[in-house]
Amino acid sequence: IESNESCSIETLDLANRVYEVDAAKIICEFLNDKVTQVRTANLPDIIASLKTDDGLFVLRSFSNLLAKSPIERLNLDDNALGIRGIIECRGIISCLSLLHLSLQNNGLDAQSMKNLKNILLDSSNQNGSCVASNLETLKIYNNMIGIEGAKEVGPILRACRNLKYFRYEGCRAQKEGTHAIVQGLADMTAQSPAFQHPLEALLLESSLGCKEEDPISAFCLLLPNLSQLSHLKLYDCGLESTGCDRVLTSMNSLSRLEILEMGQNEMAADNIENLTIILQNNLSTMRVLNLESNELTSLGVELLVNAFRGSNEVAIERLFLSENQIGERGAMALIEAQNDNLLPNLKVLTLDENGFSEETVENLHNSFDGILIDMEDNFEDEDYDDELEDWESNEGGDDFGEEDDDTDDEGEVDDLAKALRGVRLTPDDVSL
């Protein structure tokens, strides 16, 4: 590089190495006239263990170094940016050429997000445009942003006319903050012609809820407008069975899904009917189906397998069904599906934390040799199918797995309260 004065550096990768102040000075001095054409700046985890002032100096140095480059991709993951770090990185974050921004595990809070919003929405330049209007990727993950911070993200989304990939997980939005996120997405899609917004990937971990007054209502209205969506992840969104049905119903028009993830939402067998419609509309494109940590039971697996029958276009390569209260019946349905070649492209299957006998586990491994991930936490003593049969014999009167003795417990508490009314207890009468 030193001998080639005319060299043009398009990618600067300083990832996963800690740069002391002196090192940053040397690097910046050496590269000062050689990085005017950098398009990719890969800067994750470069200030770990540094004192705050030193870390801020390093961030400011690299930001100023790259401020005049036509940056398109910026990765600042795993740097403890906080409020001051975002400000120090203003020079690079404010590049109007920026298309892809990743801020994952950065120690961001509400004030940090306000600072970020001000940078991304600043249109005081000679073009009158802002960074957010050009963004195609925005990843915000594992930050202590909270409700107030989520409210700052909403306006950013509203300005993202070209966003194709949006990740917002592990940021503690809660329902009030989720309302702001969903409203921002709704405003974003409203600026595009009907069903034409370019968003392809939407990854959310938030409190969508399942009631009419919850964010899920607005979310289900915007989903049909995302006709280009290929990856939808709604993990631990508090949907429950009712919310799962509402989301799945609103997805009926989507036909380009490649990845669908709805883990940890209390999805039940009752939801498979609506899921079947989604699968049938996307059988030839869907490669990943992640339904782990739900309540599908063996019945849900049987219904899921039936959704694959009668088609030669099933593209699923990765199927995640761990922790779903699945028993022997569900295992047999999957083994039959494999014998009937219903999933010809399957490469990965997870079934851990369900309830299978040792013999059934062996049969599963034999049928899905090289495909089934080891089940280290199989609950062989669980009788999930026995509980399921009791539920089916009751014609599904109560939700499967639901505790039905709450009322009895409340009655016992009331009886005890009445019996103790007017009775004085001394310390000798109570054992803690």
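Since every read-out is calculated from the coordinates, none of them should be taken as a lab result. From a predicted model like this one, the values you see are computed outputs, not experimental measurements. All Cβ positions, glycine included, derive from the backbone under ideal geometry; neighbour counts span all protein chains shown.
If contacts are Cα pairs under 8 angstrom and at least 6 residues apart, what is the relative contact order of the range 118-197 in percent?
That works out to 33 percent.
Only Cα pairs under 8 Å and at least 6 apart count here; give the relative contact order of the range 166-237 as a rounded whole percent. Before the final figure, lay out the partial values.
Working: 108 pairs, mean separation 29.7, N = 72.
Here the relative contact order equals 41 percent.
Net charge near residue 337: determine it from the other residues with C-beta under 12 Å of the C-beta of residue 337, scoring Lys and Arg +1 and Asp and Glu -1. Write out the running numbers ahead of the final one.
Details: positive: 309; negative: 302, 336, 340.
So the surrounding residues net to -2.
Tell me the angle of helix 174-190 to the major Cα principal axis of the chain, expressed in degrees between 0 and 90 and rounded to the nearest ten.
In the chain, helix 174-190 runs at an angle near 60 degrees to the longest axis.
If you take the alpha carbon radius of gyration of the range 1-115 and divide it by 2.2 N^0.38 Å, what ratio comes out, to two decimals? Could you put the intermediate results ahead of the total?
Numbers: Rg = 13.5 Å, N = 115, 2.2 N^0.38 = 13.4 Å.
The value comes to 1.01.
Mind checking which lysines have their Cα closer than 27 Å to the Cα of residue 347? Skip sequence neighbours fewer than 8 apart in that chain.
Filter leaves 233.
What is the sum of charges around residue 274, taking Lys and Arg as +1, Asp and Glu as -1, for the other residues whose C-beta is under 11 Å from the C-beta of residue 274?
Details: positive: 246; negative: 245, 270, 273.
That sum, taken over residues with Cβ under 11 Å, equals -2.
According to the Cα gyration tensor, what semi-axes, each the square root of 5 times an eigenvalue, does the equivalent ellipsoid of the range 148-276 have, listed from largest to smallest in whole Å? Write out the running numbers ahead of the final one.
On the way: eigenvalues 88, 64, 29 Å².
Square roots of five times the eigenvalues give 21, 18, 12 Å.
Just to confirm the filter: which trypsin sites (Lys or Arg not before Pro) across the range 222-259 are DSSP coil and have at most 16 other Cβ within 10 angstrom of their Cβ?
On the way: sites: 233, 246, 256; in loops: 256.
Counting only loop positions with at most 16 other Cβ atoms within 10 Å, the trypsin sites (Lys or Arg not before Pro) in the range 222-259 are 256.
R0 = 22 Å: FRET efficiency of residue 341 with residue 284, Cβ-based, nearest 0.05? Numbers along the way, then the final one.
On the way: r = 16 Å, r/R0 = 0.73.
According to the calculation, E is roughly 0.85.
Can you give the log10 of the normalised intensity I(q)/I(0) at q = 0.11, 0.12, 0.14 Å⁻¹, computed with Debye over equal Cα scatterers of the chain?
The calculated log intensity ratios at q = 0.11, 0.12, 0.14 Å⁻¹ are -0.95, -1.04, -1.20.
Tell me the angle of helix 328-339 to the major Cα principal axis of the chain, expressed in degrees between 0 and 90 and rounded to the nearest ten.
For helix 328-339, the angle is close to 60 degrees.
As I understand it, the value is the acute angle between the Cα axis of helix 272-282 and the longest principal axis of the Cα atoms of the chain; what does it come to in degrees, rounded to 10?
40 degrees
For the range 270-311 and the range 55-114, what is the separation of their C-alpha centers, rounded to whole Å?
41 Å
Can you list residues from other chains, or at least 5 along the same chain, whose modelled amide H is less than 5 Å from the amide H of residue 36?
Placed amide hydrogens put 9 under 5 Å from residue 36.
With no solvent and one point per C-alpha, what does the Debye sum give as log10 I(q)/I(0) for the range 228-355 at q = 0.13, 0.20 Å⁻¹?
The computed values of log10 I(q)/I(0) come out as -0.45, -1.18.
Which number do you get for Rg(Cα) / (2.2 N^0.38 Å) in the range 194-250?
Here the Cα radius of gyration is 1.08 times the empirical estimate.
When the Karplus curve 6.51 cos²θ - 1.76 cosθ + 1.60 is applied with θ = phi - 60°, which whole-Hz ³J(HN,Hα) does each residue of the range 156-168 get, with x for Gly and Pro?
Result, rounded to whole Hz: 4, 4, 4, 8, 7, 6, 10, 5, 10, 9, 10, 10, 9.
Quick one: compute the contact order of the chain, relative version, from alpha carbon pairs under 8 angstrom and 6+ residues apart, as a percent.
On the way: 909 pairs, mean separation 29.4, N = 432.
In percent, rounded to a whole number, it is 7.
To make sure I understand the rule: partners must be lysines, Cα under 21 Å from the Cα of residue 34, and not fewer than 8 residues away in the same chain. Which ones qualify?
Within reach: 25, 68.
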